[in-house]
Amino acid sequence: MSFEDDLRRFERKVRNQLDQVYNGTVVQLARSIVEGSALTGAPGQPVRRGDLKRSWRIIRVSKYISYIMTQSPYAHIIEDNRRGAVLRSKTGGFHSVKLTRAGFHNVVRYESRKAKYSGSTGRWHTLRT
Amino acid sequence: MINNLLALAALRARLKSLVVATTGSTALASTATGYTRLTGSFIDEGFERGMEVVPSGFPSNAPGIVSVVNDLSMTIEGGRSASASSAGRSLTVGLPSHRAWENMPFTPEDRRWFIEEDYIPGPAFSVTIGSTHEVQVEPMYVLRLYGLSGIGITAIYLVADAILRLYAPGTALPMSDGQVLRVKGDPAPNRGQVVAEGASHALTVITVPLWARTFNNGV
């Protein structure tokens, strides 16, 4: 084992963790907008027939660029709680995108800790004492 | 955890302090069409067409919508009651007088500005350790500012941007129980595009992300 080998292993580990953090963050952000999240305080999308909730998509543009988007014509009415917006659902609420954006650092911190303390399988390590 | 009632009170107090344009206390007259002055400049003081101006010191102090602005005269939609010039009067553009506070009944009127609020208590996180560790809470204050449709963007831009300056990043908002609510810098307060809302109004949504730290002792 040479120092060079150690560096290569370290590089692979960092790249794997970066991919884990990025992919996990994208999924958590989308989940926050659609389902709600304790990390961001977002309530998620309200549900009547489920059209709005189903309309949200993750579009992967490149390895580290993704869009979380919807083409629903009334998504902005729900997002901004504009006049006429009525919640007909016991779940979900308003302002999920804003709250997700504001809570972005909490999501990244959570995913970073998960990558640090989990192995390649994504399972948390158990601290042995 | 913070007292959300006091947090909202602090946010509203700051919002009510909004001044977009004002003559200050000065000599003003009212005419059948609006207001006049002999010195100073309504234009230099920041008044714009479409703004809602609130008079003070006149026989009638009903808010009015500015339709034309010149240096020494201002025309108000619907006109005014005439009164001779007198000192100690003022004209001010501030927070719209029609305010839809949370969970209060409200009916908007055509050709009247109004503002709506949403206060979201947000998530909370333990940020230190120990039994009385610190907890960080991250509320959010969302305002929907409704200006008048069909008059361009100047008036609503000026009012919305003045509200954003009230909640500049890092601004401390002391609460009456001694706690301090602060405006976040990342993301910083921002506002959305001006969009049509019905036939009478134009809307912009203002978002103010906040944070505060408290001790985990119920105070």
Debye intensity ratio in log₁₀ form over the Cα atoms of segment B:107-181, taken at each q of 0.26, 0.28 Å⁻¹: -1.30, -1.35
Prolate/oblate/rounded label for the protein assembly as shown (Cα gyration tensor, a/c 1.5): prolate
Those aspartates and glutamates that a straight Cα-Cα span of less than 13 Å connects to A:Lys53, excepting residues fewer than 8 apart in one chain: A:Glu35, A:Glu79
Centre separation in Å (Cα based) which lies between segment B:14-44 and segment B:122-174: 29
Residues B:Met140, A:Met69 arranged by fewest to most Cβ contacts within 10 Å: A:Met69, B:Met140
Sites excluded, chymotrypsin sites (Phe, Trp or Tyr not before Pro) in DSSP loops with at most 14 other C-beta within 10 Å, longest stretch of chain B: B:107-219
Net dipole in debye of segment A:16-125 [+1 Lys, Arg Cβ; -1 Asp, Glu Cβ; about Cα centre; nearest 20]: 180
Folded to 0 to 90 degrees: helix B:4-16 orientation relative to chain B principal axis, Cα: 30
Relative contact order of chain A, pairs being alpha-carbon contacts under 8 Å that are 6 or more residues apart, as %: 28
Peptide B:138-145 - average C-beta neighbours from other chains (10 Å radius): 3
Unit charges on C-beta of K, R, D, E only; dipole of the protein assembly as shown, Debye: 1380
Cα-based helix-to-principal-axis angle, B:154-166 vs chain B, degrees rounded to 10: 40
Between 0 and 90°, nearest 10: helix A:3-34 axis offset from chain A longest Cα axis: 10
Peptide-level mean, for A:80-88, of C-beta atoms on other protein chains within 10 Å: 4
Positive-end extreme of charge dipole, the protein assembly as shown - chosen from B:Ser97, B:Gly122, B:Ala87 (charges on Cβ): B:Gly122
Packing-based order for A:9-17, A:89-97, using average beta carbon neighbours within 10 Å, highest first: A:89-97, A:9-17
Amide proton proximity set for B:Gly34, modelled H, under 5 Å, gap of 5+: B:Ile76, B:Arg80
Calculated diffusion of chain B, Stokes-Einstein form, Kirkwood radius summed over Cα pairs, 10 °C and 1.306 mPa s, µm²/s: 84
Dipole of the protein assembly as shown, positive end: most advanced residue of B:Gly150, B:Leu28, A:Thr100 [Cβ charges, Cα centre]: A:Thr100
Simple Cβ-charge dipole of segment B:1-148, Lys/Arg +1 and Asp/Glu -1, about Cα centre, in debye nearest 20: 420
Over chain B, relative contact order from alpha-carbon pairs under 8 Å, at least 6 apart, %: 21
Positive-end residue of B:Tyr167, B:Ala212, B:Asn190, charge dipole of segment B:142-219 with Cβ unit charges: B:Ala212
Relative pair counts by distance (%), Cα atoms of segment B:1-83, 10 Å bins: 17, 45, 19, 13, 6, 1
Sum of -39500 (n - 2.57) over DSSP H runs of 4+, divided by residues of the protein assembly as shown (222 nm, nearest 500): -8000 deg cm²/dmol
Viscosity 1.567 mPa s, 4 °C: Kirkwood-radius Stokes-Einstein D of segment A:1-79 over Cα pairs, µm²/s: 87
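Where a number appears in this text, it was derived from the coordinates with a stated rule and is not lab data. In this text, all values refer to a predicted model and were calculated from it rather than measured experimentally. Using ideal geometry, Cβ is built from the backbone for each residue, glycine included, and neighbour counts are taken over all protein chains shown.
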